[in-house]
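Below: the structure, in structure tokens.
The values are calculated or read from the model by the stated rules, or taken from the named source; none is laboratory data. Keep in mind it's a predicted model, so treat the numbers as computed, not measured. For the accessible areas, the whole protein counts, side chains as well, though only heavy atoms, and no ligand, DNA or RNA atoms are used. Shrake-Rupley method; radii C 1.70, N 1.55, O 1.52, S 1.80 Å.
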Amino acid sequence: MSKRKDRLPPFTPTENSLIDSDVYKKLTNASRVAYLLLCRQKRRFDQTDVIFPYSHAAAYMDQHTWARSIKELIACGMIGKKQEGGLYRRVNIYTITPGISIRGIGIATVKKR
């Protein structure tokens with residue numbers, strides 16, 4: 001069976017309501033990139049858990065910027081972190097919050113050290 005020639009190239013869908021929300025507008029650009037990189041790992045629309053090592057994000061941002069961005073996304077409630085990487089080379093499992101209600105969430109700032 002041949003592939004259809006009118007297929008769209010691979011893309012990462014983002015809801016318009018998320019882009020228009022106050023929470024998304026208050027995020028730093030690094031946090032927006034980190035969120036899109038995590039969403040890019042989804043293979044199905046209903047998938048919420050993604051495995052994403054920092055080595056994949058190294059081409060886009062520094063390790064400290066990545067850590068700050070993840071903390072900011074967790075503080076906003078946009079993602080969750082199930083497993084801490086570290087010993088025995090485990091990678092982090094992130095949960096992308098589906099159907100997030102972004103109207104009542106305030107943005108939390110993460111202080112630099």
Quick one: pull the percent of accessible area on the stretch 37-97 belonging to carbon and sulfur, 1.4 Å probe, ligands and nucleic acids left out. 51 percent
Answer rounded, prolate or oblate for the stretch 35-96, using the Cα gyration tensor with square roots of eigenvalues a ≥ b ≥ c: rounded when a/c is under 1.5, else prolate when a/b is larger than b/c, else oblate. rounded
